[in-house]
Structures are given as structure tokens and as C-alpha cells.
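Participant: Let me begin by handing over the structure; questions about it come next.
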Amino acid sequence: MSDQEKKVIFSGVQPSGKMTLGNYLGALKSWTKLQHEFECYFSMVNMHAITVPQDPEVLKRQTIELLAQFIACGIDPDLNTIFIQSHVREHAELNWVLCTMTYMGELNRMTQYKDKSKKSEANLNAGLFTYPVLMAADILLYQTDVVPVGDDQKQHLELARDLAIRFNNKYPGTFVVPEGYYPKETARVMSLQEPEKKMSKSDSNENAFILLAEDSDTTVKKIKKAVTDSVGVVNYSDDQPGLKNLINIYSAVTEKSVEEIVAMYAGKGYGAFKGEMAEAVVESLRPIREKYAYLLENRDYLEGIYTRGAEKAEIRAGKTLRDVYEKIGFIPRKF
Ligand code: TYM
């Protein structure tokens, strides 16, 4: 199929820390599967990352590391457009237009804003509040059909859909209305320490998350320390949330069904389960970790990817923005 006939995907990850197993199983793993059928735009969203304080040098380093992780996870740079969000100015420009069409009440209802604003009372900036509008701009600029994300992004995606519909009602035929795509069992990978919370790179307890770029021994130790329960039987049940999360992860990395995994551990304890599960996680991450280390030594190659990516992204984004500007009554600049 030519690129013109393919449906379009957009998704992004913030370069605000190291990628976790949650990012991988919730988003990146879907991308690797979808990249063959769709025309994909994947972005390191550094403009979103600065809604919380960042050290400039660290932000630069993490942006490159994130790109290396995308590729190490199997995102093919020859098949997809991979770029740094701030390289395509249209994101900031469409963000502004959409801000003028978004209601304060809509943004006030965003649960992620409520959570984040509690954590950063000292830096309660307007960017944190309008964050979901920039995300809508990311998505709508590319006339995106499908957005593969974890389910913590559902509410943001709903806003992108509402804004597309609102804009189209006023100016018909402007935006494609995007659909979310969520993996079945790993749309929300939970913390290994508090399984009622999502696994997050910003957790103060390092045992709560698994990083793609940590060493295998650390991963095994964290899994062995993962909180379970006193039932002592390997069941897949909401009453055993810690175990349920581990089974979901096990299933995602081995592609075995949940039922198969439960049957494998009938009559066995958590020790045997955790040992083999940890081994499976480490084995599935081994090639990613090796490729990541190799890629980091090849900066020129990475620079080539994001440079070409921005050039390609800009073409599609520019087309949408010109249409938007024309429709809302901005006179095109004469050169
Ligand atoms: P971010 O950087 O927090 O996370 C990147 C992706 O990882 C998913 N994810 C998870 N999935 C399952 N379980 C978890 N514990 C888990 N933690 C994170 C997220 O759902 C996400 O898919 N706002 C976005 C970035 C963004 C974006 C976009 C995404 C900006 N513009 C446009 C899609 C389209 C974010 O903060 O992701």
C-alpha cells in the first residue's frame, strides 16, 4: 500500500526521564506492531516535558536517549517519521488556535492536571493546565486516524476528539477525528510496590518501576520485591492486584495468554512464579538493552533520523496549519 492510502498514526513520549516497562507495554509495543500497516509519526515531545522543571542539559540528553529507545524497541526509522516536537513549529502555532477554542471547564476536569498540580504547587504554570491542548494540536496536525497510547491518556484523547469536532462544526472538513488504540491487558501497567497506582518514572520509590535501560539484575531484584498478597495461589483476580499486574506483564512479554500462565502455576507458589516471570521479562528486554547501548554510541545516525523526521513531519503539519489559518481568517504572508 502506498503511504497515501495508509491510515495515519501519531503518538508521543515525553523525554522527561527514562522509559519504563509501562511506556513500553502500554505504547511502544503497539507501535512496533502497527508500523507496518499505518503511516506513523512518532515524537519525542520535549515541549510537553517542560511543563515541569527540567535541567536543560539533561533534557537534551534524555531526548536523544528516548530516540535511541524508540529504535531499540523496534521502531524502524526507515518506515516511520520520528522527530523532536520543538523542531516542527506548527505544534506551538496550532496549540494557540486550539487554546482559543477550549473551555477552562474542560481543562479543569482533567484528572492528570489535578494530580500533577497537587505535586507541583510551587510551579503551577499555565502550560501544565493547557498541556492537553498541545497534545490535541500534535494529533490533529497530522490528520491522525489512530493514537496508540496507554489508558492514562484517554481523557486527553477525548479532548482532542471534541476539539476536532468543534472546529469541524464551524469550519467543515478540517480535521480527521482520531480514535484511541489501547493494548488489552497492558493499557495500564501498575506500580510494583503499590499496585493500585500506575507504574510511573516519577515515582520516588525506584522499586516501583522497571526501566528499559537498567541492568538485568536490578530488574530481577525489583520483581522479586514486588508486592503480592497472602493468598499464596496464582490466580488472576482483582482481589490480588499485585499478582494480576505481574501476570499481565508476563503475558505481554511472552505472548502467552493469562489462562495459560495461571495453568502453568497451578499448585506452585509465588517464588517459582516470580523467578520465571523475571527471567521472561529480562529475556524480552535483553535485545532492546543491547541495541540501546549500541545506538547511543552512534550519535550521527540518531541525528540523521530526527533531522529527516522533522523535514517530513513539517510538510504534513504545514499543510494542515495553512488550511486552519485560511479558515479562521489569517492572511497568508507574502514573501
Ligand atoms: P508519557 O510520556 O507519560 O507516556 C508515554 C506513553 O506511555 C504510556 N504509559 C503507560 N502505559 C501503560 N501503563 C503505564 N504505567 C504507563 N505509563 C505511561 C502513556 O499512556 C503514553 O502512551 N501526554 C503524553 C505524551 C503525548 C502524546 C501526544 C501521546 C504528547 N502528545 C500525542 C499521544 C499523542 C504523555 O505524557 O505520555
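The values are calculated or read from the model by the stated rules, or taken from the named source; none is laboratory data. Quick caveat: nothing in here was measured; it's all calculated off a predicted structure. We place every Cβ from the backbone using ideal geometry, glycine too, and count neighbours over all the protein chains shown.
Participant: Does Val227 count as surrounded by fewer than 21 Cβ atoms within 10 Å (Cβ to Cβ), in the same structural domain as Lys268 (by TED's automatic domain parsing) and outside any helix (DSSP H, G or I)? I'd like the intermediate steps shown before the answer.
Facilitator: Details: surrounded by fewer than 21 Cβ atoms within 10 Å (Cβ to Cβ): yes; in the same structural domain as Lys268 (by TED's automatic domain parsing): yes; outside any helix (DSSP H, G or I): yes.
Considered against the rule, which asks whether it is surrounded by fewer than 21 Cβ atoms within 10 Å (Cβ to Cβ), in the same structural domain as Lys268 (by TED's automatic domain parsing) and outside any helix (DSSP H, G or I), Val227 comes out as yes.
Participant: Counting just the residues of the range 30-47 that are of a type in the set (Phe, Trp, Tyr) and either without any contact (Cβ under 8 Å) to a residue 60 or more places away in the chain or farther than 30 Å from Leu128 by Cα (or both), which one comes out surrounded by the fewest Cβ atoms within 10 Å (Cβ to Cβ)? Quick ask: steps written out before the conclusion?
Facilitator: From the range 30-47, those of a type in the set (Phe, Trp, Tyr) are 31, 38, 41-42; that's our starting set.
Imposing the further condition that a residue be either without any contact (Cβ under 8 Å) to a residue 60 or more places away in the chain or farther than 30 Å from Leu128 by Cα (or both) reduces the set to 38, 42.
Details: Phe38: 23, Phe42: 25.
Looking at residues that are of a type in the set (Phe, Trp, Tyr) and either without any contact (Cβ under 8 Å) to a residue 60 or more places away in the chain or farther than 30 Å from Leu128 by Cα (or both), I get Phe38.
Participant: In the range 121-129, is there at least one residue being outside any helix (DSSP H, G or I) and either within 11 Å of the ligand (Cβ to nearest atom) or over 22 Å from Ala49 (Cβ atoms) (or both)?
Facilitator: Here is the first cut: in the range 121-129, the ones outside any helix (DSSP H, G or I) are 124-125.
This time we only want the ones that are either within 11 Å of the ligand (Cβ to nearest atom) or over 22 Å from Ala49 (Cβ atoms) (or both), so: none.
Checked against the condition, which is being outside any helix (DSSP H, G or I) and either within 11 Å of the ligand (Cβ to nearest atom) or over 22 Å from Ala49 (Cβ atoms) (or both), the range 121-129 yields no hits at all.
Participant: Please work out which residue is nearest to the ligand (Cβ to nearest atom), limiting yourself to the range 230-249 and to residues that are in a helix (DSSP H, G or I) and of a type in the set (A, V, I, L, M). Full working, then the answer.
Facilitator: Of the range 230-249, the ones in a helix (DSSP H, G or I) are 241-249.
Checking which are of a type in the set (A, V, I, L, M) leaves us with 243, 246-247, 249.
On the way: Leu243: 17, Leu246: 14, Ile247: 15, Ile249: 10 Å.
Residue satisfying both the conditions and the ranking: Ile249.
Participant: Can you name every residue in the range 200-210 that is within 12 Å of the ligand (Cβ to nearest atom) and not in a loop (DSSP other than H, G, I, E, B)? First the steps, then the outcome.
Facilitator: Looking only at the range 200-210, we keep the residues that are within 12 Å of the ligand (Cβ to nearest atom), and these are 200-203, 208-210.
Answer for the range 200-210, where residues must be within 12 Å of the ligand (Cβ to nearest atom) and not in a loop (DSSP other than H, G, I, E, B): just Ala208.
Participant: Considering only the range 1-97, give the helices (runs of 4 or more DSSP H) lying wholly within it that have at least 3 residues that are away from the ligand (no atom under 14 Å from the Cβ) and touching a Lys or Arg at 6+ places or on another chain (Cβ under 9 Å). Step through it out loud before you land on a result.
Facilitator: Values: elements: 29-34, 46-49, 56-72.
By residue number, 56-72.
Participant: Further question: Any residue at all in the range 102-116 that is aliphatic (A, V, I, L, M), within 19 Å of the chain's Cα centre (by Cα) and part of a helix (DSSP H, G or I)? Step through it out loud before you land on a result.
Facilitator: So the first thing to find is which residues in the range 102-116 are aliphatic (A, V, I, L, M), and the list is 104, 107, 110.
Now drop any that are not within 19 Å of the chain's Cα centre (by Cα), which leaves 110.
Subsequent filtering for residues that are part of a helix (DSSP H, G or I) retains none.
Checking the range 102-116: not a single residue is aliphatic (A, V, I, L, M), within 19 Å of the chain's Cα centre (by Cα) and part of a helix (DSSP H, G or I).
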